[in-house]
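These notes are about the structure you will find just below.
Bear in mind these aren't lab numbers, they're just calculated from the coordinates by the rules spelled out. Since the structure is predicted, the reported quantities are computational estimates derived from the model, not experimental observations. Methodologically, a virtual Cβ is constructed for each residue, glycine included, from the backbone with ideal geometry; neighbour enumeration extends over all protein chains shown.
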Amino acid sequence: MAQKKGPELIDGRKVAAIVKESIRKEVADLIDNHDKSPHLVAVLVGNDPASETYVASKEKQAHQVGMMSSVYRFPDTITEAELLETIDFLNNDDEVDGFIVQLPLPAHINEDKIINAIDPKKDVDGFTPVSVGNMVLGKPGFLSATPAGIMELLKAYHIELEGKHCVVLGRSNIVGRPMSILLSQKNEQANATVTLCHSRTENMEEITRQADVLICAIGKPRFVKASMVKEGAVVIDVGMHRLPDATKERGYRLAGDVDFDQVFKKASYITPVPGGVGPMTIAMLLKNTLSAHKKEFQQ
Ligand code: GUN
């Protein structure tokens, strides 16, 4: 575990760049060998500004590693049936290796129904029940990008997890729950003891203060205060909030789930927002897209 003096920033941009460079090389080799370039599609419904930003970034970074990328845009008036037709089309389009449906979807569309319709062979977000099942069982398959990215960051910084107490804040299907499973997995990169805290947890501070590694994915800006963190803990901040700020040209500033200025002094390692977990999510999505193209998880 981190026995260092003074906090160290975990540089997600640097680690993501290394992951993406290895993907770029592999894609270049595929093309040299007359294979097609992997193709990622994002389905974007409505015009949520954060979703627009994420999808634009996914497209740009797919191009950076030599992949093809398309965005299927729909107004938020699209019906569930129409969206299901699109999923069916993408499932059967041989020109598409993998696709994601950007969440959240409008309230009149049942997210579970949409995710269930995605062919697990193209599920590069790792959200379908088949992908989640494989992850829980420790079988090969697409891993949800943010938790996989966090595991990659911990590995890159040689943060020992075996036998350590990892506390995960938040039980979302996208981050908290899969994170708790990956950390407790029986393998050399994990083997941690895990506690999953959520909105109904009693005495949360007592629990978080025991954490050697604290994963903050509770979805509330600056929720994690210094009093909740043990001296020398590793703190991973998954939050990404836009706080109104009139002094900024764009009108907001970004904040995580961690009150960084307070917690920084206590942590041995900490991820900043932005530039921590965020860049890893897209890098892992691209990694999944390459795996889909190579049909790595198809027997
Ligand atoms: N919304 C927020 N994060 C994600 C993600 O990783 N994938 C998708 N599809 N939607 C999201």
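Below, the figures for the structure above:
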| read-out | value |
| --- | --- |
| Among residues of region 79-95, those that are within 15 Å of the ligand (Cβ to nearest atom) and touching a Lys or Arg at 6+ places or on another chain (Cβ under 8 Å), counted | 1 |
| Criterion violated by His158 - all others in (1) under 29 Å from Lys295 (Cβ atoms); (2) without any contact (Cβ under 8 Å) to a residue 24 or more places away in the chain satisfied | (1) |
| Restricting region 238-272 to residues that are within 16 Å of the ligand (Cβ to nearest atom) and out of contact with any Phe, Trp or Tyr (no Cβ under 7 Å at 6 or more places or on another chain), the residue that is farthest from Val55 (Cα to Cα) | Gly256 |
| Among (1) part of a loop (DSSP other than H, G, I, E, B); (2) in contact with a His (Cβ under 9 Å, 6 or more places away or on another chain) - the single one Val27 does not satisfy | (1) |
| Of all residues making up region 30-39, the number that are of a type in the set (Asp, Glu) and either within 12 Å of the ligand (Cβ to nearest atom) or assigned to a helix (DSSP H, G or I) (or both) | 1 |
| Whichever residue in region 51-73 is more than 16 Å from the ligand (Cβ to nearest atom) and touching a residue at least 12 places away in the same chain (Cβ under 8 Å) and, among such residues, is surrounded by the most Cβ atoms within 10 Å (Cβ to Cβ) | Val65 |
| Search result, residues across region 161-178 that are among the basic types (Lys, Arg) and either in a helix (DSSP H, G or I) or away from the ligand (no atom under 16 Å from the Cβ) (or both) | Lys164, Arg177 |
| Long-range neighbours under 7 Å by Cβ, at least six apart or interchain, first residue farther than 17 Å from Val194 by Cβ within region 142-155, second among the polar types (S, T, N, Q) and within 15 Å of the ligand (Cβ to nearest atom) | Phe142/Ser131; Phe142/Asn288; Ala145/Thr281; Ala145/Asn288; Gly149/Thr281 |
| Selection status of Gly98, small (Gly, Ala, Ser), touching a residue at least 40 places away in the same chain (Cβ under 8 Å), farther than 30 Å from Ile270 by Cβ and in contact with a helix residue (DSSP H, G or I) (Cβ under 7 Å, 6 or more places away or on another chain) | yes |
| Residues (crowded, with 17+ Cβ neighbours inside 10 Å and either in contact with a Pro (Cβ under 7 Å, 6 or more places away or on another chain) or over 16 Å from Ile159 (Cβ atoms) (or both)) located in region 203-237 | Met204, Ile207, Thr208, Ala217, Ile218, Gly219, Pro221, Arg222, Phe223, Val224, Met228 |
| Checklist (1) without any contact (Cβ under 8 Å) to a residue 12 or more places away in the chain; (2) buried (at least 20 other Cβ atoms within 10 Å of the Cβ) applied to Asp112, failing item | (2) |
| Residue match in region 208-225 (condition: farther than 22 Å from Gly170 by Cα and of a type in the set (A, V, I, L, M)) | no |
| Options Asp76, Asp48; residue that is in contact with a strand residue (DSSP E or B) (Cβ under 8 Å, 6 or more places away or on another chain), within 16 Å of the ligand (Cβ to nearest atom) and at negative phi | Asp76 |
| Matching residues in region 121-140 - criterion: being surrounded by 20 or more Cβ atoms within 10 Å (Cβ to Cβ) and more than 10 Å from the ligand (Cβ to nearest atom) | Lys122, Asp123, Thr128, Ser131, Val132, Met135 |
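Results for (1) aliphatic (A, V, I, L, M); (2) closer than 28 Å to Glu152 by Cα; (3) touching a Leu at 6+ places or on another chain (Cβ under 7 Å), shown as yes or no for each residue.
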| position | (1), (2), (3) |
| --- | --- |
| Arg24 | no, yes, no |
| Thr79 | no, no, no |
| Asn91 | no, no, no |
| Ile114 | yes, no, yes |
